[in-house]
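Read through the structure below, which is laid out as structure tokens, and then see the notes.
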2 protein chains.
Amino acid sequence: MSKETITKIEIEKAATSKINDVDFNNLSFGSIFSDHMFVCDYKNGSWQTPKIIPYQKLMLDPSARVFHYGQAVFEGMKAYKDDEDGIWLFRPDENFLRINKSSKRLAIPEFPEEYFFDGLNTLLKLDNKWIKKGFGNSLYIRPFVIATEAGVSASPSSEYKFMIICSPAQSYYGGEVRVKIADHYSRAASGGFGFAKAAGNYAGQFYPTNIAKEEGFQQVIWTDANTHEYLEEAGTMNVFFRIGDKLVTCPISDRILDGVTRKSVITMAKDLNIEVEVRPIKVAEVLEANKNGTLKEIFGSGTAAVINPIAGFGYKGDKWELPKIENSYAKKIKEAIMDIQYNKAEDKFGWRIKVD
Amino acid sequence: MSKETITKIEIEKAATSKINDVDFNNLSFGSIFSDHMFVCDYKNGSWQTPKIIPYQKLMLDPSARVFHYGQAVFEGMKAYKDDEDGIWLFRPDENFLRINKSSKRLAIPEFPEEYFFDGLNTLLKLDNKWIKKGFGNSLYIRPFVIATEAGVSASPSSEYKFMIICSPAQSYYGGEVRVKIADHYSRAASGGFGFAKAAGNYAGQFYPTNIAKEEGFQQVIWTDANTHEYLEEAGTMNVFFRIGDKLVTCPISDRILDGVTRKSVITMAKDLNIEVEVRPIKVAEVLEANKNGTLKEIFGSGTAAVINPIAGFGYKGDKWELPKIENSYAKKIKEAIMDIQYNKAEDKFGWRIKVD
């Protein structure tokens, strides 16, 4: 991100900042947005001049494709501020590659790399004050693309908006998280687009998650749509199981998001001399490990939460609490990753990128 | 629809009509909209006063749920005008029930029946001139619901817009349609929401359909995501196969849209003394029937096209043309249904509903 800005970006600064109206000690995730946003329109076959403008509402035709056919993808990233006011991103190259991977599967034109990084860099420097110091504080960054062409015909849009909006964040989850293992509803099909961060992968989870909430859970761990025998992901998090001293997570596939935090957890765990197995995991294996006392931890990984320990789980009407554990892998790995994110530790993997 | 309007609807009429700018003999499907639109907002736990206002752009926060999490459903209906200027709808009760079924699966609050019908009735009377006489002409009606709450948190929106927009239509497809039978990509998962008319079911089809287009097809017939052995639906149409003198279509499931035209085709075929089998159909069965000459027709059914004959199909690199046929079931059933839609024949099933 320290390379020269090569993209011509039109900048219109906000007349006044909203920052003084914000209580940074009581932030609800994703509800407050910084002063500016990045917008780049696609039309006539190419991405137009990128713009940074004051955060504002969009005007779209009611027949815009995104409203009817769900042609939309997004990313989740964070900017961190260290004690010396340095601004850092965590593996932003992965997010850039993934949004284009998602776009491709949704028939959305890919976005140019220099527009993405120059736009992000410029936006973060402009809204620098919105990134607060302090371990756990961050500016959540939401790049997204929506299909804007008017017309209710079920075909790819010829016009799009690529945008980046930013929301100051503390931590994603309050309280303990208990998960229900899905035995009927599903998130994604083989041959579908579960691997993409596509809008259409989310709304379908809300109803089954509401049912789980009524049963006392906060999230669902999805299983394969075919047999419901294999554990997949939690919809906003990839999932890890500690069985004995091994950490197990399922392989990615066309149904499962290739999580940036997931791959960082795998690398970091190995670096911390924790044995990691990436292989299919049966629900039956986890139930058996729980029964015989070898299931020690379950946790989710994702940009919003980094790592989210899971306190208990349920399956087909039964519920179990996980034991409190000392030397939790979740805690150890989370701290190690956050130390890199906040420039508090050496970054031997080259994950941390400075915004300057 | 002839019952008294009980809903208080706020009406703001358009100052001028756009109708004289429209060439009704050269309409591209879903691209031109009538003068007014119906809008009803959901907030604070209830649907607010419905409004009919001039067709206009929407202003939404860039963080609105629909852009990020695909919480959106829709319907497709048509209004027809008979020779005496009577306006008719075709089984609108089915569309009303289905949009609420779709909404429920997407965790969207259901819409009140009287708001739907009174809104639709009032809108059609106001934009009456946009419904042109003539067999095949219609006003395509697009009810839809979008999640409008601002905030990038993956949870159901607390605010929605229910809208109805209308677009004058001739016929949906120009030219011959050839379909590719899917052998890798999928449309829907068991336990998912393939049965819903949800935005998220459409964008995922665009990329595989683009590949099919490059291979000389216009549409894809989706197969089950698990084995790809069973024929399901075409994404915007249900599909029927005529094998010998029997018409075969697959049963509906949580992966398959319960098409209004599909069920009308089944009823009408039986009424025309055509034997109909609703049962799982293997790709292998269709290939074998094609080989031994008993595969006589394939057609799709849907609101936009009513019935769309399929001229040829492909599977795993092979392509076949279907023989030209006299006494086509597609033609016979389509005409019989359209005669009811346009008030040209007796309606013994009670499908046709007058707008007055």
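Odds and ends about this structure:
- For peptide B:156-163, the mean count of partner chain Cβ atoms within 10 Å of a residue's Cβ comes to 2.
- Cβ-placed point charges (K, R +1; D, E -1), dipole of segment B:83-191 about Cα centre in debye, nearest 20: 440
- Cut-off 12 Å, label 7 Å out along Cα→Cβ of B:Asp83, residues of segment B:120-152 by amide N: B:134-135
- Shielding by partners - mean other protein chain Cβ count within 10 Å, residues of B:223-230: 3
- Partner chain coverage, peptide A:280-293 - average Cβ within 10 angstrom: 0
- Chain B's nearest residue to the axis relating it to A, judged by Cβ and reported with the distance in whole Å, is B:Gly200, 1.
- Each residue of segment A:333-343 is assigned a 3J(HN,Hα), and the resulting list reads 6, 4, 4, 5, 5, 5, 4, 6, 4, 9, 6 Hz, derived from the Karplus form 6.51 cos²θ - 1.76 cosθ + 1.60 (θ = phi - 60°), x at Gly and Pro.
- Net lengthening on full extension, A:Glu159/A:Asn44 (0.36 nm per residue, minus Cα-Cα): 40.6 nm
- The protein assembly as shown: C-alpha gyration tensor shape, a/c 1.5 cut-off, then a/b vs b/c: prolate
- Debye, to nearest 20: dipole size of chain B, +1 on Lys, Arg Cβ, -1 on Asp, Glu Cβ: 180
- Table column - 3J(HN,Hα) (Hz), segment A:307-313, Karplus curve with 6.51, -1.76, 1.60, x for Gly and Pro: 10, 10, x, 10, 8, x, 8
- For segment B:135-223, the equivalent ellipsoid derived from the Cα gyration tensor has semi-axes of 28, 23, 11 Å, listed largest first.
- Packing-based ranking, highest mean first, of A:268-274, B:250-256, B:61-67, A:12-18 given that Cβ atoms within 10 Å are counted: B:61-67, B:250-256, A:268-274, A:12-18
- Protection proxy ranking of A:74-82, B:40-48 - average other beta-carbon atoms within 10 Å, highest first: A:74-82, B:40-48
- What the phi angles of segment A:59-70 give under the Karplus curve with 6.51, -1.76 and 1.60, with θ = phi - 60°, is a coupling list of 10, 9, 5, x, 9, 3, 3, 4, 6, 10, 10, x Hz, glycine and proline written as x.
- Given B:Lys161/B:Lys334; B:Lys104/B:Lys129; B:Lys213/B:Lys282; B:Lys161/B:Lys213, the pairs whose alpha carbons are separated by over 25 Å: B:Lys161/B:Lys334; B:Lys104/B:Lys129; B:Lys161/B:Lys213
- Convex hull of alpha carbon positions in segment B:296-346: directionally averaged projected area 4.3 nm².
- Whole-angstrom gap from segment B:1-74 to segment A:1-66, using each part's C-alpha centre: 27
- Calculated label separations, A:Ile211, copies of the chain, 7 Å along the beta-carbon direction, nm: 3.1
- Chain B - percent relative contact order, Cα under 8 Å, separation 6 or more: 19
- Cα gyration tensor shape for segment A:53-114, rounded if a/c is under 1.5, else prolate or oblate: oblate
- The Cα center of segment B:327-356 and the Cα center of segment A:139-210 differ in position by 41 Å.
- Long-range HN-HN contacts of A:Glu297 with modeled amide H, under 5 Å: A:Arg242
- Computed over chain A, the range of Cα coordinates on each principal axis works out to 62, 52, 35 Å, biggest value leading.
- Mean ellipticity per residue at 222 nm, deg cm²/dmol - from DSSP H runs of n ≥ 4 across chain A, formula -39500 (n - 2.57): -7000 deg cm²/dmol
- Cleavage-rule hits (GluC sites (Glu not before Pro)) in segment B:195-269: DSSP loop, at most 15 neighbouring Cβ within 10 angstrom: B:Glu215, B:Glu229
- Virtual spin-label span in nm between A:Ser28 and B:Asn210, 7 Å along Cα→Cβ: 3.8
- Two-site FRET efficiency, B:Lys291 against B:Ser328, from Cβ-Cβ distance with R₀ of 25 Å, rounded to 0.05: 0.75
- Shape of segment B:159-278, Cα gyration tensor, a/c cut at 1.5: rounded
- Shown here for segment A:272-350: GluC sites (Glu not before Pro) in loop regions (DSSP other than H, G, I, E, B) with at most 10 other Cβ atoms within 10 Å, namely A:Glu326, A:Glu346.
- Net charge dipole size for the protein assembly as shown [Lys, Arg +1 and Asp, Glu -1 on Cβ; Debye, nearest 20]: 100
- Loop trypsin sites (Lys or Arg not before Pro), segment A:289-356 (other Cβ atoms within 10 Å of the site Cβ: 15 or fewer; DSSP): A:Lys316, A:Lys324, A:Lys344, A:Lys348
- For the pair B:Met59 and B:Glu113 in one chain, pulling the backbone fully straight at 0.36 nm per residue adds 16.8 nm over the alpha carbon distance.
FYI, it's all coordinate maths here, none of it is from the lab. Please read all numbers here as calculations on a predicted model, not as lab measurements. All Cβ positions, glycine included, derive from the backbone under ideal geometry; neighbour counts span all protein chains shown.
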